[in-house]
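The values are calculated or read from the model by the stated rules, or taken from the named source; none is laboratory data. All values derive from a computational prediction rather than experimental measurement. For neighbour counting, all protein chains shown are included, and Cβ atoms are generated from backbone atoms with ideal geometry for every residue, glycine included. Remember, those area values only see protein heavy atoms, side chains included, never the ligands or the DNA or RNA. Shrake-Rupley method; radii C 1.70, N 1.55, O 1.52, S 1.80 Å.
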Amino acid sequence: MAFESLSDRFQGLFKKLRGQTRLSEANMDDMLKEIRVALLEADVNFKVVKSFVADVKEKAIGQDVYAKVNPSQMVVKIVHDEIESLLGEEQSDINYQKGGLTVVMLVGLQGTGKTTSAGKLALNMQKKGLKVMLGALDVYRPAAIDQLKTLSEQIGSGFFSLPGDPVDIAKKAKAKALEDHYDVLILDTAGRLQIDEKLMLELRNIESEVHPDDVLLLVDSAAGQDAVNVANAFNRDLRLSGIILSKLDGDAKGGSALSIKYLTGLPIKFAGMGEKMEDLEPFHPDRMADRILGMGDIVTLVEKAKDAIDEKTAEKEAKKMLEGDFTLEDMLKQMKMVRRIGSLGAIAKLIPGMPKLTDEQKEMAEREMKVFETVINSMTPYERRHPDCLRFSHKNRIAKGSGLTNADVNKVLRKYEQSKAMMKQMKQYQKTGKMPGGFNNGFRR
């Protein structure tokens, strides 16, 4: 994810501070220098860095941090609040028109993922129970229109497209959306390789004709400080109301996210966190500050789990497992549920205190899950429900059928037995509050 290097630097800094009983002028200056370097290396605008460091220093001194509090805790709190302030402090949503049509206009340079983001935004709104239409205005790139149509079919949204002038198409799309009682119309405008006066005039004309409730600029997270220049250029000609940051799950340094609100005044409303259609998240500054400082983001994890897993099914499966009825089929269902939430690496980043996984560890974990799934899928339904029946000949057949080895099959069965034993321990704890075999030390009521 973007910010990974910055997150590592901050965590290293806070670790050093934990070994000190108080802050002095000297180590305060050292800490501020490290913060300054970390932010500059993350491609944060130098004006933003200067202001950020000054604010951290003022607040640390102003709260008499040197003698009275644990220095690492105070610095974490101050840095967290300042990052949250840079990112916007409060979550900013679409300017929905209650009881009427909400028009959202997407603009941006080519290559930022604008058309894909239009589909992701439509799906995000549909999950709220809104009826959404996608309007294709990029008449210069037929592939963009085809892509938007394919996305609309994939997510089940409305779609509108006509040949001709984009301004006229926008007017007709709005009329159609009103006629068919849509809640939201999302207009995907033509991208541009660079700021082009002719195309900017077209955007101004579209804006003046359809009067969108939101004009959102797509910004590539990897654009760094150039993102601020792009935002200011678009904002001079249009009434931008917010930003969508694309590719925030990539290896971008994250400087654009930390600079753009401060320097443009425009809130970041959404962030693209992956390639799937579900991977567009409302941007929460407080949660993003948690992630940057390595504190995880358990709220987002719970929201993702609720979207991916049916609550009643999850409760039913949990009850079944605690009653001791835990089969290989249940194990397979669990793995599929986890995969629906996201990759193991992405999930780990959202869990507070979870050690950072290396790329090798992520690959190993994903590979192990695939092996488990392949082995279990190669069993008969009876074998999945009654693994005790498996003999060497059965395991040999399963290994050959899955293209794996007998050792892989045995490894899956060992993991299953371990999980089953854990379920028994959980059931015992639920009844008595005590874990068998001295395991109670790790649990608290």
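Among the residues of the range 211-238, write down those that are part of a loop (DSSP other than H, G, I, E, B) and touching a helix residue (DSSP H, G or I) at 6+ places or on another chain (Cβ under 7 Å). Gly224, Gln225, Leu238 - these are the residues of the range 211-238 that are part of a loop (DSSP other than H, G, I, E, B) and touching a helix residue (DSSP H, G or I) at 6+ places or on another chain (Cβ under 7 Å). For the residues Lys33, Lys15, the requirement of being modelled with pLDDT of 80 or more, in a helix (DSSP H, G or I) and exposed (fewer than 13 other Cβ atoms within 10 Å of the Cβ) singles out Lys33. Scanning the range 49-65 finds no residues that are at pLDDT 85 or above, closer than 25 Å to Ser221 by Cα and part of a loop (DSSP other than H, G, I, E, B). Examine the range 136-150 for a residue that is under 26 Å from the mean Cα position of the chain (by Cα), more than 19 Å from Ile94 (Cα to Cα) and among the hydroxyl-bearing types (Ser, Thr, Tyr), and state whether such a residue exists. Checked the range 136-150: at least one residue is under 26 Å from the mean Cα position of the chain (by Cα), more than 19 Å from Ile94 (Cα to Cα) and among the hydroxyl-bearing types (Ser, Thr, Tyr). Among the residues of the range 148-160, those that are farther than 12 Å from Met277 by Cα and either of a type in the set (Phe, Trp, Tyr) or crowded, with 18+ Cβ neighbours inside 10 Å (or both) comprise Leu148, Ser157, Gly158, Phe159, Phe160. Looking across the range 254-275 at every residue that is part of a loop (DSSP other than H, G, I, E, B) and modelled with pLDDT of 85 or more, the one that is most open to solvent (accessible area, probe 1.4 Å) is identified as Gly265.
For the range 44-58, a residue qualifies if it is open to solvent by less than 50 Å² (accessible area, probe 1.4 Å) and farther than 15 Å from Val76 by Cα, and the qualifying residues are Val44, Asn45, Val48, Val49, Ser51. Determine if the range 126-139 includes at least one residue that is open to solvent by less than 60 Å² (accessible area, probe 1.4 Å) and out of contact with any helix residue (DSSP H, G or I) (no Cβ under 7 Å at 6 or more places or on another chain). Checking the range 126-139: at least one residue is open to solvent by less than 60 Å² (accessible area, probe 1.4 Å) and out of contact with any helix residue (DSSP H, G or I) (no Cβ under 7 Å at 6 or more places or on another chain).
Let's see how each residue does on (1) farther than 30 Å from Gln11 by Cα; (2) among the hydrophobic types (A, V, I, L, M, F, W, C); (3) assigned to a strand (DSSP E or B):
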position	(1), (2), (3)
His80	no, no, no
Asn95	yes, no, no
Leu106	yes, yes, yes
Thr115	yes, no, no
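Per the listing Glu207, Glu197, the residue uniquely charged (D, E, K, R) and crowded, with 18+ Cβ neighbours inside 10 Å is Glu207. Looking at this structure, is Leu187 at pLDDT 95 or above, hydrophobic (A, V, I, L, M, F, W, C) and in a helix (DSSP H, G or I)? Against the criterion (at pLDDT 95 or above, hydrophobic (A, V, I, L, M, F, W, C) and in a helix (DSSP H, G or I)), Leu187 does not qualify.
Here is a yes/no grid of residues against (1) out of contact with any strand residue (DSSP E or B) (no Cβ under 8 Å at 6 or more places or on another chain); (2) under 20 Å from Val184 (Cβ atoms); (3) open to solvent by less than 40 Å² (accessible area, probe 1.4 Å):
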{"site": "Val79", "(1), (2), (3)": "yes, no, yes"}
{"site": "Glu89", "(1), (2), (3)": "yes, no, no"}
{"site": "Gln97", "(1), (2), (3)": "yes, yes, no"}
{"site": "Gly100", "(1), (2), (3)": "yes, yes, yes"}
{"site": "Gly108", "(1), (2), (3)": "no, yes, yes"}
{"site": "Gly113", "(1), (2), (3)": "no, yes, yes"}
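Of Lys420, Lys427, Lys415, all but one fail to be in a helix (DSSP H, G or I), in contact with an Asp or Glu (Cβ under 8 Å, 6 or more places away or on another chain) and modelled with pLDDT under 85; the exception is Lys427. Would the range 199-208 turn up any residue that is in a helix (DSSP H, G or I), in contact with a Lys or Arg (Cβ under 7 Å, 6 or more places away or on another chain) and of a type in the set (A, V, I, L, M)? Yes, the range 199-208 contains a residue that is in a helix (DSSP H, G or I), in contact with a Lys or Arg (Cβ under 7 Å, 6 or more places away or on another chain) and of a type in the set (A, V, I, L, M). For Thr380, the conditions (1) among the hydroxyl-bearing types (Ser, Thr, Tyr); (2) surrounded by 15 or more Cβ atoms within 10 Å (Cβ to Cβ); (3) modelled with pLDDT of 90 or more are fulfilled apart from (2). Entry remark, the range 385-411: residues being surrounded by fewer than 18 Cβ atoms within 10 Å (Cβ to Cβ) and either of a type in the set (D, E, K, R) or closer than 23 Å to Lys336 by Cβ (or both) number 12 in total. Within the range 175-193, the only residue that satisfies the criterion of being open to solvent by 90 Å² or more (accessible area, probe 1.4 Å) and within 28 Å of the chain's Cα centre (by Cα) is Leu193. Scanning the range 363-421 for residues that are closer than 20 Å to Phe326 by Cβ, acidic (Asp, Glu) and touching a residue at least 24 places away in the same chain (Cβ under 8 Å) yields Glu373, Glu383.
Residue-wise test of (1) over 19 Å from Ala38 (Cα atoms); (2) out of contact with any Asp or Glu (no Cβ under 9 Å at 6 or more places or on another chain); (3) of a type in the set (Gly, Ala, Ser).
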site	(1), (2), (3)
Gly224	no, no, yes
Asn232	yes, yes, no
Asp249	yes, no, no
Tyr262	no, yes, no
Glu275	yes, no, no
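For the range 210-252, a tally of residues being open to solvent by 70 Å² or more (accessible area, probe 1.4 Å) and either modelled with pLDDT of 90 or more or under 15 Å from Pro267 (Cβ atoms) (or both) returns 2.
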